[in-house]
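For reference, the structure is listed below as structure tokens.
A short reminder: the numbers here are calculations on the coordinates, not readings from a lab. Predicted, not measured: the structure shown is a model, and the values here were computed from it. Reconstructed Cβ throughout: ideal geometry from the backbone, glycine too, with neighbour counts over all protein chains shown.
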Amino acid sequence: MMNEVSVGPASSLGYALSDGLGDGPFDVAVVIPTVARISIKRALESVFAQTDAGRIQIAIGVDVAKGDVDVVRQTLECRPPNVSALVLTLPYSTSMRHGGVHTRAGWW
């Protein structure tokens, strides 16, 4: 069973999933910007497959969904107990190619 914490209406800002991991620090953080292509499933499963990583926090930012955003939620439902997730779906794009102000190069 997932413990879901909504950060807004279901279709507006996103949700957080933690299943009782507590408030302690995480050992690994994974940040995934996505447009919700089906490849997000494989990327998440790769994170889930990591062994000896300790407590993992995944932050997913959906920018202009080009695929089915439900695949993110469905894949996260199968995450191991050491994985917490935060999914952010803004009602606008932050990418220049979709009308935002940030270019791809130089943001990391």
When the Karplus curve 6.51 cos²θ - 1.76 cosθ + 1.60 is applied with θ = phi - 60°, which whole-Hz ³J(HN,Hα) does each residue of the stretch 39-44 get, with x for Gly and Pro? 5, 4, 4, 5, 5, 5
So, how do all the Cα-to-Cα distances of the stretch 4-98 break down into 5 Å bins, in percent, from 0 on up? 3, 13, 26, 25, 18, 10, 4, 1
Amide H contacts of GLY61 (H built 1.01 Å from N, under 5 Å, at least 5 apart or other chain): ILE32, THR34, LEU88
Hey, for a label at CYS78 modelled as a point 7 Å past Cα toward Cβ, could you say which residues of the stretch 30-66 have their backbone N under 15 Å away? 38-50
Per-residue HN-Hα couplings for the stretch 23-35 [Karplus 6.51, -1.76, 1.60; θ = phi - 60°; Hz; x = Gly/Pro]: 9, x, x, 8, 8, 9, 10, 10, 10, 10, x, 8, 10
